[in-house]
């Protein structure tokens with residue numbers, strides 16, 4: 001039977017993740033010894049709640065180049081047990097890599113798509129590795145076969161949309177209201193906005209009524225409707241118009257429908273000694289209208305200076321300012337915020353911090369402020385099948401440092417595929433990441449907001465490079481912005 005060749009840097013669907021222990025590719029003296037393959041666990045249950053975790057690790061000894069000083073090329077194969085590797089997933093390593101790691105979600109997708117394993121089924125697999133010395137007249141070495149048993153899971157959608165007569169766009173599946181993925185919680189989504197008396201439910205795919213999620217046994221549970229053949233399709237009901245926050249979790253099939261107030265301000269400005277008392281706009285969070293950010297170098301002629309937050313760019317006594325509870329409040333997290341105008345209260349309290357680079361986050365829902373000093377990452381790296389080094393995070397492509405410690409640029413060839421940015425090349429995938437606001441976002445070629453995620457890339461939103469070619473990328477790790485422009 002024909003082998004299924006699975007070359008990681010070219011695969012657009014199955015991001016098999018690996019890290020490597022590398023040697024130089026030539027003039028290598030490998031110790032004489034057998035080629036031995038081992039696996040971290042022989043009985044694995046894949047967990048839907050940890051999609052970015054390492055599911056299983058295969059490692060092998062270097063084998064021998066028989067004193068030739070030639071490099072060794074390794075070929076790793078994974079196949080259904082008993083098929084004699086006639087139909088296998090095949091990965092090649094050209095620089096002495098001796099380790100292959102599968103992430104949970106990637107392995108689950110591979111098993112279902114390549115081997116036809118049904119969600120929730122247990123499958124028996126076999127793995128082996130072949131070492132080919134890059135010199136003439138040396139026979140390949142083949143390891144003993146290693147067996148492993150894996151149980152898959154039924155994945156949930158990475159996108160979710162809101163439709164219905166109660167929603168802003170009605171029952172149109174071609175223009176539904178998009179839910180926002182919750183960072184750090186797989187399967188979780190949130191939406192906040194105005195609902196009117198009527199009905200609503202959720203769809204997973206723009207343009208299609210199914211699959212969908214509707215009302216379960218009560219208003220706190222969801223029901224998954226997979227096809228039109230399922231007759232149950234009970235929507236949720238809104239009886240009073242107002243602003244609501246909807247929180248759903250597709251894994252636990254839970255929903256919260258919470259009446260709330262709309263964000264009191266759509267724009268805010270930071271003003272003070274650091275801005276020479278000019279009004280500098282804050283950035284509204286792309287996923288939460290109650291949250292505003294101001295990430296910047298705060299510099300003054302004094303060792304420390306002050307600022308407050310304006311609701312209008314005006315010093316009129318009637319303008320409401322957001323201020324600390326006590327004058328001169330310094331940096332910190334969960335700092336209380338109060339609001340008043342000069343005509344209401346003459347105590348013109350302000351925050352006061354030393355000169356430095358800060359990430360400032362204001363939460364209008366909780367009336368809390370975070371003022372956190374920011375130390376930039378030394379470099380930023382391209383990761384994904386669109387990037388030159390694919391999903392090999394340990395060998396990810398570095399960007400070029402710009403004019404400031406926060407700016408990075410890169411010009412080169414991107415393949416069609418997915419792209420995100422690592423801040424630290426952490427090979428357990430639990431490092432710091434910049435990801436797209438929504439999954440599968442096609443770059444506009446203009447300045448776009450990014451999401452910062454730590455630990456791990458969650459939600460695992462990637463940009464989708466539709467057309468391969470030469471691109472220039474400009475990334476600002478302080479402002480959380482990126483430009484991905486095709487040349």
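For this structure, a couple of remarks:
- The per residue volume of the convex hull around the alpha-carbon atoms of the range 381-486 is 81 Å³.
- When the range 414-469 is reduced to its Cα atoms, the Kirkwood hydrodynamic radius in Å: 11.6
- Evaluated over the range 198-336, the Cα radius of gyration and Dmax, each in Å: 22.4, 70
- Projected area, mean over directions - the range 178-235, Cα convex hull, nm²: 4.9
- Rg ratio (alpha-carbon, reference 2.2 N^0.38 Å) - the range 138-198: 2.15
- Each Cα pair under 8 Å and six or more residues apart adds its sequence gap; the mean of these over the residue count of the range 150-228 is a relative contact order of 26 percent.
- Compared with the direct C-alpha span, the chain from residue 226 to residue 279 gains 14.0 nm at full extension, assuming 0.36 nm per residue.
- Hull volume per residue, based on the alpha-carbon atoms of the range 93-180 and their convex hull, is 175 Å³.
- Rounded FRET efficiency, nearest 0.05, which uses the C-beta distance separating residue 261 from residue 149 and R0 of 56 Å: 0.60
- Cα coordinate range in the range 161-260, projected on the principal axes (Å, largest first): 35, 31, 26
- q = 0.09, 0.12, 0.13, 0.16 Å⁻¹, the range 33-154: log10 I(q)/I(0) [Debye, one scatterer per Cα]: -0.27, -0.46, -0.53, -0.76
- Two-site label geometry, residue 375 and residue 240: point separation in nm, points 7 Å out along Cα→Cβ: 5.0
- In Å, descending, principal axis extents of the Cα set of the range 269-373: 35, 33, 23
- Cα Rg over Rh - the chain, Kirkwood: 1.04
- Centre separation in Å (Cα based) which lies between the range 291-335 and the range 31-102: 55
- For the chain, averaging the sequence separation of C-alpha pairs within contact (under 8 Å, six or more residues apart) and dividing by the residue count gives a relative contact order of 11 percent.
- Max-minus-min Cα coordinates of the range 241-313 on each principal axis give 55, 28, 15 Å, with the largest extent listed first.
- Intensity falloff of the range 292-353 expressed as log10 I(q)/I(0), Debye formula with alpha-carbon point scatterers, at q = 0.22, 0.28 Å⁻¹: -0.99, -1.30
- Stretching the chain fully between residue 366 and residue 178 yields a gain of 65.3 nm (0.36 nm per residue, less the alpha carbon separation).
- Full-extension gain in nm, residue 442 to residue 39, via 0.36 nm per residue minus C-alpha separation: 141.3 nm
- By the beta-carbon count within 10 Å of each Cβ, the least crowded to most crowded order of 353, 122, fewest first, is 122, 353.
- Helix axis angle, 104-115 relative to the chain longest principal axis, alpha carbon, degrees: 50
- Between the range 360-439 and the range 237-265, the alpha-carbon center distance in angstrom: 31
Each reported figure results from applying straightforward, stated rules to the coordinates on display, with no laboratory input. This structure is a prediction, so every number in the text was calculated from the model and none was measured. Using ideal geometry, Cβ is built from the backbone for each residue, glycine included, and neighbour counts are taken over all protein chains shown.
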